[in-house]
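Following: one structure in structure tokens, then a few remarks.
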Amino acid sequence: MTRKKILIVEDEESLLRLESILLTSKGYDVQGVPNGQAALEAIASEKPDLVLLDIMLPGIDGFEVCRQIKVTEETCHIPVIMLTAKKCQDDFTRGQEVGADWYITKPFKSAMVIETIQRFLP
């Protein structure tokens with residue numbers, strides 16, 4: 001069985017490292033990138049099975065990254081989980097509008113992230 005590939009898009013290096021360790025320990029093949037442009041390039045070349053996406057990123061923000069994933073025929077099937085400190089209803093609504101499959105707010109519990117990912121990658 002091939003390992004599922006997860007792309008983590010997170011500009012905070014310590015959090016990116018923590019999330020990478022957590023998901024690698026659960027048997028996922030993890031790639032991490034620090035910004036929206038790198039995310040779009042990685043998605044085009046690597047075709048991950050799932051994207052864990054921060055919203056507040058340098059350059060292209062997470063909303064735009066998600067929108068581009070979901071409007072592109074080759075990538076629109078990839079589940080996108082927003083993982084963000086943005087907690088207001090407007091942000092949640094905007095996440096839904098750009099096609100996010102799920103929305104988790106920081107600080108988060110590792111078990112909740114794993115459980116959510118397993119829902120999309122059985």
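Provide a single number: the residues in the stretch 11-47 that are more than 20 Å from residue 105 (Cα to Cα), touching a helix residue (DSSP H, G or I) at 6+ places or on another chain (Cβ under 8 Å) and open to solvent by 10 Å² or more (accessible area, probe 1.4 Å). Residues meeting the conditions: 5. The lone criterion from (1) over 20 Å from residue 119 (Cβ atoms); (2) modelled with pLDDT under 95; (3) open to solvent by less than 50 Å² (accessible area, probe 1.4 Å); (4) of a type in the set (S, T, N, Q) left unmet by residue 89 is number (3).
Taking the stretch 101-122 as the range and being touching a residue at least 24 places away in the same chain (Cβ under 8 Å), hydrophobic (A, V, I, L, M, F, W, C) and open to solvent by 20 Å² or more (accessible area, probe 1.4 Å) as the test, the residues that pass are 108, 120. Any residue in the stretch 45-61 that is at pLDDT 95 or above, assigned to a helix (DSSP H, G or I) and in contact with a strand residue (DSSP E or B) (Cβ under 8 Å, 6 or more places away or on another chain)? No, the conditions are met nowhere in the stretch 45-61. Of all residue pairs spaced 6 or more apart or on separate chains, those with beta-carbon atoms under 7 Å, a first member in the stretch 16-27 that is under 17 Å from residue 84 (Cα atoms) and a second member that is charged (D, E, K, R) and not in a helix (DSSP H, G or I) are 16/10; 19/10.
All told, residue 8 falls short of being in contact with a helix residue (DSSP H, G or I) (Cβ under 7 Å, 6 or more places away or on another chain), in a loop (DSSP other than H, G, I, E, B) and either under 15 Å from residue 102 (Cβ atoms) or open to solvent by 30 Å² or more (accessible area, probe 1.4 Å) (or both).
The values are calculated or read from the model by the stated rules, or taken from the named source; none is laboratory data. What you see is a predicted model; the values in this text were computed from it and never measured. As a convention, Cβ positions derive from the backbone with ideal geometry for all residues, glycine included, and neighbour counts pool all protein chains shown. Accessible surface is based on the protein model in full, side chains and every heavy atom, while ligands, DNA and RNA are left aside. Shrake-Rupley method; radii C 1.70, N 1.55, O 1.52, S 1.80 Å.
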